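Right, one structure below, let's go through it.
The values are calculated or read from the model by the stated rules, or taken from the named source; none is laboratory data. No experiment lies behind these values; they were computed from the predicted model shown. Cβ sites come from the backbone with ideal geometry, for glycine too, and all protein chains shown count toward neighbours. Only protein heavy atoms, including side chains, enter the accessible area calculation; ligands, DNA and RNA are left aside. Shrake-Rupley method; radii C 1.70, N 1.55, O 1.52, S 1.80 Å.
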Amino acid sequence: MSDEETQLEARLEEQDSFEPPASFVEGANVSDPAIYDEFEENWPECWERAADLLEWDEPYDEVLVDDDEPFYEWFTGGKLNASANCLDRHLDDRGEELAIQWEGELGETREFTYEELHREVNEFAAVLRDLGVEEDDVVTMYMPMIPELPIAMLACARIGAPHSVVFAGFSADALATRMNSADSEYLVTCDGYYRRGDPLDHLSKANEGLEDAERETTTVVVDRLGDDLDHELGENQHDYDDLVAEQAGAVVEPVVRDAEDMLFLMYTSGTTGEPKGVKHTTGGYLSYAAWTSHAVLDVKPDDTYWCAADIGWITGHSYIVYGPLALGTTSVMYEGTPDYPEKDRLWEIVEDYGVNQLYTAPTAIRAFMKWGSEYPERHDLSSLRLLGTVGEPINPKAWKWYYKHIGNEACPIVDTWWQTETGGMMITTLPAIGEMKPGSAGPPLPGISAKLVDETGEEVAPGEAGYVVVDRPWPGMLRTLYRNDERFIDEYWSAYSDEEEDEWVYFPEDGAKIDDDGYITILGRVDDVINVSGHRLGTMEIESAVVGVEGVAEAATVGGDHEMKGEAVYVYAILEDGYEPGEEMEQAIIEGVEEAIGPIARPEKVVFTSELPKTRSGKIMRRLLEDIANDEELGDTSTLRNPDVVEDIQGKVSGD
Ligand code: WTA
């Protein structure tokens, strides 16, 4: 490193706040700090600004109806169709502009103008109808990052059939659970996809899942791999291309949906073993995804925008599909891994497509940092105007690396905190307003009333840590858990609401700190959810997979700190008599978890123990196991029924 560079590094290391670059502020969609007050003074009508980004078939009567809290309704009486908002209304002005630019892992490309995407979506909507899909039928999708995924989602939206996308990396079991929970009778999947250049069989996994499906299922299979993988279709399974060919040129009128009609379901992990079916609506969700894409990601129609997440997660729903397409921009979609064939793949894509905004996860940034700055340096990244992160806390070191080596100190970074349940971003700086503080997400967005409280619900003072709560509704919020209103109230509203006073407070189950400027630094989940590389995994789901392995009597899982992944899965297992701890059992447990959930949940470490630390009432002390995993000072162990076990486990964790 030259002296100059060393000095620069030293300066960056010390600097703990950054002003938005002037070059960015000039052209930003939102740059007037008065927006915070405007929203505050005019709440909830301020949210008309979000609704105005959409085209409504019939105007709404009321912005917010809160007669039956916490079952809020947004833009009631309004009617619209999400697919028409993402496609049809752009046709006149932007029909020939690119909507999606797709790149496969092997380097092949496919492009869709708004017109072309519109055609594909219409044809597939006709296919779905022909197969018998009716309004409000849930269609499950189990697909990797191929264009047919957004096409199928928008086709569903067009005919008013909610989609439920299951991440392709999830296991067959996970697919079956989600299909059964949603009573879904339709599945769209594919034969396979490429990972690090090798074709990967996906259909067998889907078929394995279908064996456990409770309902008879009609399946559509996309042929992604061509001759690279022969596959046979079973009964009730159809080839995507064949069906679409039959519908060539079909036009399907977008079904007029009520603002509060369900747009999609998205399953996510929670405290108990059963995944939660988060319900999002057409009017509120779509306007919120569009508004946050506009205000936070600064998306403009002429941009080339890239969110490098997977559509199988909420980030991809809101910020690859719905937000950017609602705004009529060009969205880049990449199928593969960031280090194939080389570690500069992402930077090559940024350069080739002239990407203006890049939105990715801290775990990826930490990997780029480890690989080294020589990879981005090989490419011209000057098209970038804004950078974003999502999914987990970003450490200041990674933030600064991103700022310097990817953004060339000329791009604001938005560190966006939100959840599957919130539909869109909630806490982040606006990129042209206010300073950025590495590691801290920032203040709540205009109109969002997020606060930090202590256990009793009192707001904490600046400098202190507390729990994040949101005490006013917002358009993108989940409306309920699918067919489970009770669990919806229980999971999100029971901790801090005062029913008698009719005060409803949403609890996202995250801990955080707040500073004098009202900037919120997210510390992480306070429930039994582990955040591995920005992916949410429930400890109970993993534990039940471990206990399902032959020979395991009892198990506990916790998240241990991990340099790259943020958190990693630690398993503590007690074996039945007659089973020996050792490599074989460890392997069986790892495989059991991969099979039940997927490779993302693969345990980092398996510790065999004869007992688990328990309170006198018999509850496993997971906190303690977490401290042990992180080699941290242990708190009070006197409430344990079996304090001796702690030392034993500590020895096993640090012993190898
Ligand atoms: C965590 C992903 C810190 C948080 C959009 C939240 C974050 C969970 C951030 C939701 C961030 C998300 N900083 N933590 N910028 N963004 N999280 O539902 O713990 O997959 O509760 O939604 O991710 O994960 P989910």
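Within segment 381-399, is even one residue aromatic (Phe, Trp, Tyr), assigned to a helix (DSSP H, G or I), surrounded by 20 or more Cβ atoms within 10 Å (Cβ to Cβ) and more than 13 Å from the ligand (Cβ to nearest atom)?
Taking every residue of segment 381-399 in turn, none turns out to be aromatic (Phe, Trp, Tyr), assigned to a helix (DSSP H, G or I), surrounded by 20 or more Cβ atoms within 10 Å (Cβ to Cβ) and more than 13 Å from the ligand (Cβ to nearest atom).
Scan segment 493-525 for residues that are more than 9 Å from the ligand (Cβ to nearest atom), open to solvent by less than 50 Å² (accessible area, probe 1.4 Å) and not in a strand (DSSP E or B) and jot them down.
Matches in segment 493-525: TRP493, TYR496, SER497, TRP504, VAL505, PHE507, ASP515, GLY518, TYR519.
Say we look at segment 400-416 and pick out the residues that are in a loop (DSSP other than H, G, I, E, B) and touching a Ser or Thr at 6+ places or on another chain (Cβ under 8 Å); which of these is surrounded by the fewest Cβ atoms within 10 Å (Cβ to Cβ)?
Only one residue fits best here, namely ASN408.
Kindly indicate the residue of segment 121-145 that is free of Cβ contacts under 8 Å to residues at least 60 places away in the same chain and acidic (Asp, Glu) and also nearest to ILE159 (Cα to Cα) among those meeting that condition.
GLU134
Restricted to segment 280-324, and to residues that are in a loop (DSSP other than H, G, I, E, B) and within 16 Å of the ligand (Cβ to nearest atom), which residue is surrounded by the fewest Cβ atoms within 10 Å (Cβ to Cβ)?
Among those that are in a loop (DSSP other than H, G, I, E, B) and within 16 Å of the ligand (Cβ to nearest atom), it is ASP310.
Suppose the filter is assigned to a loop (DSSP other than H, G, I, E, B) and surrounded by 19 or more Cβ atoms within 10 Å (Cβ to Cβ); does PRO462 pass it?
Against the criterion (assigned to a loop (DSSP other than H, G, I, E, B) and surrounded by 19 or more Cβ atoms within 10 Å (Cβ to Cβ)), PRO462 does not qualify.
For the structure I just gave you, tell me whether SER440 is small (Gly, Ala, Ser), surrounded by fewer than 21 Cβ atoms within 10 Å (Cβ to Cβ) and at pLDDT 95 or above.
When the stated conditions are applied, SER440 does not pass them.
Of the numbered conditions (1) in contact (Cβ under 8 Å) with a residue 40 or more places away in the chain; (2) more than 16 Å from the ligand (Cβ to nearest atom); (3) not hydrophobic (A, V, I, L, M, F, W, C), GLU253 satisfies every one except a single condition; which is it?
Unmet for GLU253, out of (1) in contact (Cβ under 8 Å) with a residue 40 or more places away in the chain; (2) more than 16 Å from the ligand (Cβ to nearest atom); (3) not hydrophobic (A, V, I, L, M, F, W, C): (1).
Output the residues belonging to segment 77-88 that are open to solvent by less than 30 Å² (accessible area, probe 1.4 Å) and outside any loop (DSSP other than H, G, I, E, B).
LEU80, ALA82, SER83, ALA84, ASN85, CYS86
Name every residue in segment 407-439 that is polar (S, T, N, Q) and within 14 Å of the ligand (Cβ to nearest atom), in order of residue number.
THR416, GLN419, THR420, THR422, THR428, THR429
Looking at segment 259-274, can you tell me whether even one residue there is crowded, with 24+ Cβ neighbours inside 10 Å, closer than 24 Å to TYR194 by Cβ and of a type in the set (A, V, I, L, M, F, W, C)?
No, every residue in segment 259-274 fails to be crowded, with 24+ Cβ neighbours inside 10 Å, closer than 24 Å to TYR194 by Cβ and of a type in the set (A, V, I, L, M, F, W, C).
In the list TRP43, TRP56, TRP74, which residue meets the criterion of being part of a strand (DSSP E or B) and not basic (Lys, Arg)?
Going through TRP43, TRP56, TRP74 in turn, just one is part of a strand (DSSP E or B) and not basic (Lys, Arg): TRP74.
Modelled with pLDDT of 95 or more, away from the ligand (no atom under 13 Å from the Cβ) and buried (at least 20 other Cβ atoms within 10 Å of the Cβ): is that true of LEU452 in this structure?
Yes, satisfied.
Based on what the data block shows, is GLY277 away from the ligand (no atom under 16 Å from the Cβ), farther than 17 Å from VAL414 by Cα and either in a loop (DSSP other than H, G, I, E, B) or open to solvent by less than 10 Å² (accessible area, probe 1.4 Å) (or both)?
So GLY277 does not fit the description; no.
Being open to solvent by 10 Å² or more (accessible area, probe 1.4 Å), within 14 Å of the ligand (Cβ to nearest atom) and either modelled with pLDDT of 95 or more or not in a loop (DSSP other than H, G, I, E, B) (or both): is that true of ASP352 here?
no
Check GLU486, GLU550, GLU543 and return the single one that is farther than 30 Å from GLU594 by Cα, out of contact with any helix residue (DSSP H, G or I) (no Cβ under 6 Å at 6 or more places or on another chain) and away from the ligand (no atom under 14 Å from the Cβ).
From the options GLU486, GLU550, GLU543, the qualifying one is GLU486.
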